[in-house]
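Let me begin by presenting the structure, written as structure tokens, before commenting on it.
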2 protein chains.
Amino acid sequence: MTVPPGRRERKKAATRQKIAGTALRLFLERGYDAVGIREVAAEADVAVTTLFSHFASKEALVFEQDEDFEQRLTQAVTGRAPHEPLIPALRREIQALVRHCTADSAAPIWRMIDESPALRKYEESMRLRHAETLATAIAADPELSQTATASRTIARFVIDAYSLAREAADPEAAVDEIFRMIEAAWEVTCPSRRA
Amino acid sequence: MTVPPGRRERKKAATRQKIAGTALRLFLERGYDAVGIREVAAEADVAVTTLFSHFASKEALVFEQDEDFEQRLTQAVTGRAPHEPLIPALRREIQALVRHCTADSAAPIWRMIDESPALRKYEESMRLRHAETLATAIAADPELSQTATASRTIARFVIDAYSLAREAADPEAAVDEIFRMIEAAWEVTCPSRRA
DNA sequence: ACCGTAGCACTAACCGTTACGGTTTTGAAT
DNA sequence: ATTCAAAACCGTAACGGTTAGTGCTACGGT
């Protein structure tokens, strides 16, 4: 499966990247709402239908790497050291993600997102999807036998932490503050005392 | 301002109700996606532009009473008995809201919402708006001097409780389970010991 | 009785998105 | 090498939500 990636897949990935790159450039230059799909397609030299075969919507052009985000989260759960407690592992990952998207280089993009209702809405439902994925990963961990509701709840809280910290004046401090609350919430649900 | 509502305002409210009622009826009869805006407008005997002067979007037709929801939440905070603790008051209100929208009579509407991605997305960003309103109410309460981050966090958690409980197998039990977690998270943030 | 405002109407467009039908490229099987 | 099916791509036309733009009418305050 991860053998030599054939020419086809490389070309496809190249097209995808070309589209996403062109779109982001145009959006940042002239504003998300001011640039139409037909224009992005023309500039990237592909047909409109091709664009939509790579991206499900206009908004998706902006959140090209959202699957990375999702994978890093589940990885933080499934790939942590044996017997390492869940919450600190998640805290570390969220801290890293928050740092990443509050970096100066990312500022213009997030400003664009915050200014467009369509993009905000898209990001919101994206987060919910991520929370659901994270909940599944938590529920699947045999070390912590949680109820379905508790798993989903903690997952939501963690995603909330990301979202709130990103908007806070001091993002890193906010992560710490919110995770103290999550830690407390988590301990209530722990049936056994595992140090 | 709340004196005799003039004829004009009554007519406006009547038009609004007629549009919303017609829309909901058509949506439930034939499916949200299968009914177009032009059709709703024709059936309600108004122009398309009139419809959009009463409702900001097609989705808003379905969530006609979302401001009630918002007000009940803030009321639960600002209108509670003096010295009554915050979290139990919110728990009661959420419990009532969940009961209300998991009632049999509301089932067809929520089934329609769950089946339509557009409506789901709309509800999600509505919830975020409600969380923000609730956060403001919590932050404004002089009895509980919280940080901005803590207020917003608790508000999100409470809205999460509503959303998760509504989808749970046993909604009422889910509210209790999640609010035990919220209570723990809340206590971490309380600077003073108030009973 | 008069005026400003607000609700409403109609047309025509804009824009994201999709259906459709056709062409080229690619990887594999003969 | 040749052949073939799948998959990527193309271009057009349409559909449906949404928004000007332009008026008209009726209400409520003066």
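The values are calculated or read from the model by the stated rules, or taken from the named source; none is laboratory data. On a predicted model such as this, the values are computed, not experimentally measured, just so you know. All Cβ positions, glycine included, derive from the backbone under ideal geometry; neighbour counts span all protein chains shown. The area values use the complete protein model at the heavy-atom level, side chains included, leaving out ligands, DNA and RNA. Shrake-Rupley method; radii C 1.70, N 1.55, O 1.52, S 1.80 Å.
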Of all residues in the range B:85-101, which are at pLDDT 95 or above and open to solvent by less than 20 Å² (accessible area, probe 1.4 Å)? B:LEU86, B:ILE87, B:ALA89, B:LEU90, B:ILE94, B:GLN95, B:LEU97, B:VAL98
If I ask for residues that are at pLDDT below 95 and closer than 28 Å to A:ARG38 by Cα, which ones from the range A:57-84 would you list? A:GLU64, A:GLN65, A:ASP66, A:GLU67, A:ASP68
In the range B:28-48, anything assigned to a helix (DSSP H, G or I) and either loosely packed, with under 13 Cβ neighbours inside 10 Å or near DNA strand C (Cβ under 8 Å from one of its atoms) (or both) is listed as B:GLU29, B:ARG30, B:ARG38, B:ALA41, B:VAL48
Boolean, A:ALA118 is more than 24 Å from A:LEU24 (Cα to Cα) and either within 18 Å of the chain's Cα centre (by Cα) or not assigned by TED's automatic domain parsing to the domain that holds A:ARG91 (or both): no
For B:ALA150, indicate whether it is crowded, with 16+ Cβ neighbours inside 10 Å and within 11 Å of another protein chain (Cβ to nearest Cβ). yes
Filter result for the condition that a residue is within 14 Å of chain A (Cβ to nearest Cβ), over 18 Å from A:VAL188 (Cβ atoms), at pLDDT 95 or above and outside any helix (DSSP H, G or I), over B:ALA131, B:ALA169, B:ALA155: B:ALA169
What are the residues in the range A:55-70 that are without any contact (Cβ under 8 Å) to a residue 40 or more places away in the chain and either within 14 Å of chain B (Cβ to nearest Cβ) or within 11 Å of DNA strand C (Cβ to nearest atom) (or both), if any? A:PHE55, A:ALA56
Determine which member of the set A:ASP141, A:ASP104, A:ASP160, A:ASP170 is open to solvent by less than 30 Å² (accessible area, probe 1.4 Å), out of contact with any Cys (no Cβ under 8 Å at 6 or more places or on another chain) and farther than 20 Å from B:ALA131 by Cβ. A:ASP141
Could you tell me which numbered condition B:LEU24 fails, if it satisfies all but one of (1) within 14 Å of another protein chain (Cβ to nearest Cβ); (2) away from DNA strand C (no atom under 15 Å from the Cβ); (3) not basic (Lys, Arg)? (1)
Selection within the range A:13-43 - in contact (Cβ under 8 Å) with a residue 24 or more places away in the chain and closer than 23 Å to A:GLU67 by Cα: A:THR15, A:ARG16, A:LYS18, A:ILE19, A:ALA20, A:ALA23, A:LEU24, A:PHE27, A:LEU28, A:TYR32
Can we say A:PRO117 is more than 13 Å from A:THR74 (Cα to Cα), out of contact with any Lys or Arg (no Cβ under 8 Å at 6 or more places or on another chain), free of Cβ contacts under 8 Å to residues at least 12 places away in the same chain and more than 10 Å from every other protein chain (Cβ to nearest Cβ)? no
Output for the range A:173-195, where each listed residue is more than 9 Å from every other protein chain (Cβ to nearest Cβ) and open to solvent by 20 Å² or more (accessible area, probe 1.4 Å): A:ASP176, A:CYS190, A:PRO191, A:SER192, A:ARG193, A:ARG194, A:ALA195
I'm checking my understanding of the structure. Among residues of the range B:49-76 that are within 8 Å of DNA strand D (Cβ to nearest atom) and among the polar types (S, T, N, Q), which one is surrounded by the most Cβ atoms within 10 Å (Cβ to Cβ)? B:SER57
